[in-house]
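Here is the structure we will look at, set down as structure tokens.
Only the coordinates and a few stated rules stand behind these numbers; no lab work does. Quick caveat, the model's predicted, so the values are computed rather than measured. Don't worry about glycine lacking a Cβ; one is built from the backbone with ideal geometry, like all the others, and counts go over all protein chains shown.
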Ligand SMILES: [Zn+2]
């Protein structure tokens, strides 16, 4: 095998232009499945939410779920798509153990929503991402490979299938190819998925949780030399966090640039992203549409949403996140830069909920972008996954504002909230972290500090009030940070100047 040149990311994007594309699957939050009445709750005992239809038993007939169609149209409208007045479901034929019917009901050449766009903001500048199509299909079951080290089929001794997920309505949102993003391609991909997630969440049609798989993303990447035709693309499957979306694009750009720079060619294939290494490895070679032998689904009537229905759904669309953000920025009094950092941190919803729970916008921003962002970064998780609720942050700030704890203690309390020790109030009580502002209790500590630092005490007596700071520090130290600094200062001044 020939040696492959390894380019740095900077070298790669200086020599090649990336084109990205994203295919996102969203599991709808309907109460029942797409073509049967089975419940859709996440985390139930395997194979307890199944029936003849979603198990593909002979003679069972599907009936389309109206709520799922409605949700798909709403997603299409929010993405500025045209809604097809008529279309048919299609059979996508393939054999896979988690597909008991040996075909998936999907949409092929007649998708429900076409030709839209989503405007996103990347580092403060707007980027328009074209939407090719939004279509509705059913999810597959879930295969669990047992006995191998990685949970993949390689090395496994047996495989188990859970059909609870089979037949849950799944919306696929496919972008048009996105050229021209250059070095920012990874950030654009992440910003798109983030915005899409927020749009879908605002519609209330899915909980869009990447860690539970209700939002799943496949990332297409290709490279071409400036001025040349677009290159061959690879499809990186099931990238399971926003951070991984960005990393997957970046690592594919680096890998492909190395292959191309060495005179090699890119194979059109599916690749797997590995969270641990941040790299992709080759999966199966990509099927083409003809492999699936699509044909119109004969067991379902065509889908023909009336113009009145579509218009009434359009009129009921909520305020979408980008518009809402502009309004919130004005309400919160954040500068463009402040708001941009909030958006980059993916903290808009969290801050909004924290403000609703009673904190000031500035305090909410301080916690989520300060201590909590640092913690998320350290542990390589998303802010939402830290186990801290907006209500807990508002409660924490309330404790600071009321003088019960100071900023230093608040950080300790927050650590304990992250560790799952309870609510801020419970933790303050359990750990005895409350600030001591009772003068009686503090006087002894103040006297000790004065006695231990006679030189400083003399300066304060001589009118150098600024020197009192060192004495305040000594008291804070001896009380383990629990003294109320303002009261301590007043007590010291009173002791030494009266
Ligand atoms: Zn069923």
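Structure notes:
- Rounded to the nearest 0.05, the FRET efficiency derived from the C-beta distance between residue 225 and residue 117 at R0 = 25 Å is 0.35.
- Note on region 197-290: Cα-only Rg and Dmax are 15.1, 49 Å.
- Dividing the convex hull volume of the alpha carbon atoms of region 92-235 by its residue count gives 167 Å³ per residue.
- Working from label points 7 Å from Cα in the Cα-to-Cβ sense, the residue 63 to residue 497 distance is 8.3 nm.
- DSSP-defined beta bridges in the chain - what % are antiparallel, rounded to 5: 95
- Remark: the residue 8-residue 96 segment gains 27.8 nm on full extension, using 0.36 nm per residue and subtracting the alpha carbon distance.
- Ordered from longest to shortest, the equivalent ellipsoid semi-axes for region 379-436 are 20, 11, 9 Å, each the square root of 5 times a Cα gyration tensor eigenvalue.
- Pairwise FRET efficiency - residue 401 versus residue 319, Cβ, R0 = 25 Å, nearest 0.05: 0.25
- Largest to smallest principal axis extent of the C-alpha atoms in region 88-129, angstrom: 47, 24, 9
- Kirkwood Rh in Å, taken over region 182-338 so that all alpha-carbon pairs contribute: 19.0
- Theoretical FRET efficiency, 1/(1+(r/R0)^6), r = Cβ-Cβ of residue 267 and residue 353, R0 41 Å, to 0.05: 0.35
- Computed over the Cα atoms of the chain, pair by distinct pair, the Kirkwood hydrodynamic radius stands at 26.4 angstrom.
- Ratio of Rg to Rh for region 341-478: 1.10 [Cα atoms; Kirkwood radius as inverse mean 1/r over pairs].
- Degrees, to the nearest 10: 242-261 long Cα axis against longest axis of the chain: 60
- Considering every alpha-carbon pair of region 34-154, the percent of pairs per 10 Å bin, from zero through the bin containing the longest distance, is 11, 31, 29, 22, 7, 0.
- Cα convex hull, region 298-386: 174 Å³ per residue, rounded to a whole number.
- Backbone N under 12 Å from the residue 490 label point (7 Å along Cα→Cβ), restricted to region 407-450: 437-440
- When you restrict to C-alpha pairs under 8 Å that are six or more residues apart and normalise by the size of the chain, the relative contact order lands at 14 percent.
- Gained length - residue 51 relative to residue 391, 0.36 nm times residue gap less alpha-carbon distance: 118.4 nm
- Degrees separating the helix 185-203 axis from the principal Cα axis of the chain, which is the longest one: 90
- The Kirkwood radius of region 257-335, taken over pairs of alpha-carbon atoms, gives through the Stokes-Einstein law at 20 °C and 1.002 mPa s a diffusion coefficient of 110 µm² s⁻¹.
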